[in-house]
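The values are calculated or read from the model by the stated rules, or taken from the named source; none is laboratory data. Bear in mind the structure is a predicted one, so any value in this text is a computation, not a measurement. Note: ideal-geometry Cβ built from the backbone for every residue, glycine included; neighbour counts use all protein chains shown.
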Amino acid sequence: MPKALVFGSMNMDLSICCARIPAAGETIDGDSFITNPGGKGANQAVAASRMGAPVTMVAAVGDDTFGSVLLGCLDGAGIDVSAVRTVTEVPTGTATIIRVDGDNRIILDHGANYCLSSADVCDAVDRFGEPGDVFLTQFECEPDATAAALAHAHDRGLFTMVNPAPARPIPDDFWRSVDYLCMNETECESITGDFPFGPEDASMAARKIAGKGVSQVVVTLGSKGSYGYDRGEECFVPARCVDAVDTTAAGDTFIGAMVSGHLMGMGFRESMELATCASALTVQRVGAQQSIPSLAEVNASF
């Protein structure tokens, strides 16, 4: 079975619940504080692994307690961490998360996530990647390294998957290296200029992206479901009706499940349905990696 090579962030999440977002200069009470391994890259790697895919992580952490914990969690999830570098000059990345009514606001400190250079990541692709593998990345690491590694992986015959989060400007030459793009509403608006309020808007946005050469596009629409475009074929998968308590890793779970579905030979829509069910379980739990279900849990629940 081919594997997933994930280049992305590893963060320790510092998460607290409160009744509302505080105003400028205001202090309010909170509760249910947790520390939890996170980072979009690591979360997506864990999700892909728990959904049955072999995964190698390419990343950097600080030489500190957070870094050691994050490495241990990935190793415990069955992920190959031999391509994760421990650096001494900067600390491990962190994400400060405020949870309000099942939604969240996140502030990132990139830390070690910006330490790997283009040469570092391209070398990891050469050492660990093979044609037919999946190369997955996001936008929480150094932008030039991300773009260079994506182009290198694509040229070497890996299937390249991108989650453009957090949203930022994307140069036109970036798209030639992207086989699959998964974005939420905010990211979609940043890239296309249009906010997708529903499937029709998502269809128009996906066709814009496809016009740049991307063969597969998914637009996640939160509680409304997800829209998919696959080489001219379109589909819509409704969301599962659940009571959400924390959406922190929902999108990451969705993408990790899509990776696993691709590697296991599932069809595009079938992979979206798996991803929808997996993320529905995730939002019913608090935290990032600790909330991500296994394939067995998904199969038992839906």
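Examine the stretch 33-40 for a residue that is at pLDDT 95 or above, of a type in the set (S, T, N, Q) and either in a helix (DSSP H, G or I) or in contact with a strand residue (DSSP E or B) (Cβ under 9 Å, 6 or more places away or on another chain) (or both), and state whether such a residue exists.
Within the stretch 33-40, none of the residues are at pLDDT 95 or above, of a type in the set (S, T, N, Q) and either in a helix (DSSP H, G or I) or in contact with a strand residue (DSSP E or B) (Cβ under 9 Å, 6 or more places away or on another chain) (or both).
Which of the residues that make up the stretch 76-113 are within 18 Å of the chain's Cα centre (by Cα), more than 16 Å from Ala288 (Cβ to Cβ) and among the charged types (D, E, K, R)?
Asp80, the sole residue that qualifies.
Does the stretch 212-239 hold any residues that are basic (Lys, Arg) and free of Cβ contacts under 8 Å to residues at least 24 places away in the same chain, and which are they?
Correct list: Arg231 only.
Out of Gly78, Gly52, Gly67, which single residue is under 24 Å from Leu116 (Cβ atoms), part of a loop (DSSP other than H, G, I, E, B), touching a residue at least 24 places away in the same chain (Cβ under 8 Å) and not aromatic (Phe, Trp, Tyr)?
Sole residue among the options that is under 24 Å from Leu116 (Cβ atoms), part of a loop (DSSP other than H, G, I, E, B), touching a residue at least 24 places away in the same chain (Cβ under 8 Å) and not aromatic (Phe, Trp, Tyr): Gly78.
Quickly run through the stretch 110-130 and pick out the residues that are of a type outside the set (A, V, I, L, M) and loosely packed, with under 15 Cβ neighbours inside 10 Å.
Passing the criteria: Ser117, Asp126, Arg127, Glu130.
Please count how many residues of the stretch 243-302 are in contact with a Phe, Trp or Tyr (Cβ under 6 Å, 6 or more places away or on another chain) and of a type in the set (A, V, I, L, M).
The total comes to 1.
Of the numbered conditions (1) in contact with an Asp or Glu (Cβ under 8 Å, 6 or more places away or on another chain); (2) more than 28 Å from Met161 (Cα to Cα); (3) part of a loop (DSSP other than H, G, I, E, B), Arg20 satisfies every one except a single condition; which is it?
Arg20 satisfies every listed condition except (1).
Right, Ala112: of a type in the set (A, V, I, L, M, F, W, C) and more than 30 Å from Asp29 (Cβ to Cβ) or not?
Yes.
If you scan the stretch 171-211, which residues turn out to be loosely packed, with under 13 Cβ neighbours inside 10 Å, without any contact (Cβ under 8 Å) to a residue 12 or more places away in the chain and among the charged types (D, E, K, R)?
Within the stretch 171-211, Asp173, Glu200 meet the criteria.
More than 24 Å from Lys3 (Cα to Cα) and in contact with a helix residue (DSSP H, G or I) (Cβ under 9 Å, 6 or more places away or on another chain) - does that describe any residue in the stretch 37-55?
no
Just the residues that are of a type in the set (Gly, Ala, Ser) and over 22 Å from Phe236 (Cβ atoms), please, taken from the stretch 142-189.
Residues satisfying the conditions are Ala145, Ala147, Ala148, Ala149, Ala151, Ala153, Gly157, Ala167, Ser177.
Filter the stretch 13-52 down to residues that are within 12 Å of Asp252 (Cβ to Cβ) and either of a type in the set (D, E, K, R) or surrounded by fewer than 16 Cβ atoms within 10 Å (Cβ to Cβ) (or both), then give me how many there are.
Counting residues in the stretch 13-52 that are within 12 Å of Asp252 (Cβ to Cβ) and either of a type in the set (D, E, K, R) or surrounded by fewer than 16 Cβ atoms within 10 Å (Cβ to Cβ) (or both) gives 3.
If I filter the stretch 82-94 for residues that are in contact with a helix residue (DSSP H, G or I) (Cβ under 6 Å, 6 or more places away or on another chain), of a type in the set (S, T, N, Q) and under 23 Å from Met264 (Cα atoms), do I get at least one hit?
Within the stretch 82-94, not a single residue is in contact with a helix residue (DSSP H, G or I) (Cβ under 6 Å, 6 or more places away or on another chain), of a type in the set (S, T, N, Q) and under 23 Å from Met264 (Cα atoms).
Out of Met272, Met258, Met266, report the one residue that is at pLDDT 95 or above and in contact with a strand residue (DSSP E or B) (Cβ under 6 Å, 6 or more places away or on another chain).
After applying the criteria, what remains is Met272.
Could you please find all residues in the stretch 236-264 being charged (D, E, K, R) and not in a helix (DSSP H, G or I)?
Across the stretch 236-264, the qualifying residues are Arg240, Asp243, Asp246.
For the condition part of a helix (DSSP H, G or I) and within 26 Å of Arg105 (Cα to Cα), what is the one hit in Ala167, Ala153, Ala148, Ala202?
From the options Ala167, Ala153, Ala148, Ala202, the qualifying one is Ala202.
Is the stretch 1-8 home to any residue that is assigned to a loop (DSSP other than H, G, I, E, B), at pLDDT below 95 and loosely packed, with under 13 Cβ neighbours inside 10 Å?
yes
Condition check: under 25 Å from Phe197 (Cβ atoms), buried (at least 24 other Cβ atoms within 10 Å of the Cβ) and at pLDDT below 95. Does Thr253 satisfy that?
No, not satisfied.
Can you name the condition, by its number, that Leu281 falls short on among (1) touching a Ser or Thr at 6+ places or on another chain (Cβ under 7 Å); (2) closer than 21 Å to Pro196 by Cα?
Tallying (1) touching a Ser or Thr at 6+ places or on another chain (Cβ under 7 Å); (2) closer than 21 Å to Pro196 by Cα, Leu281 fails exactly one: (2).
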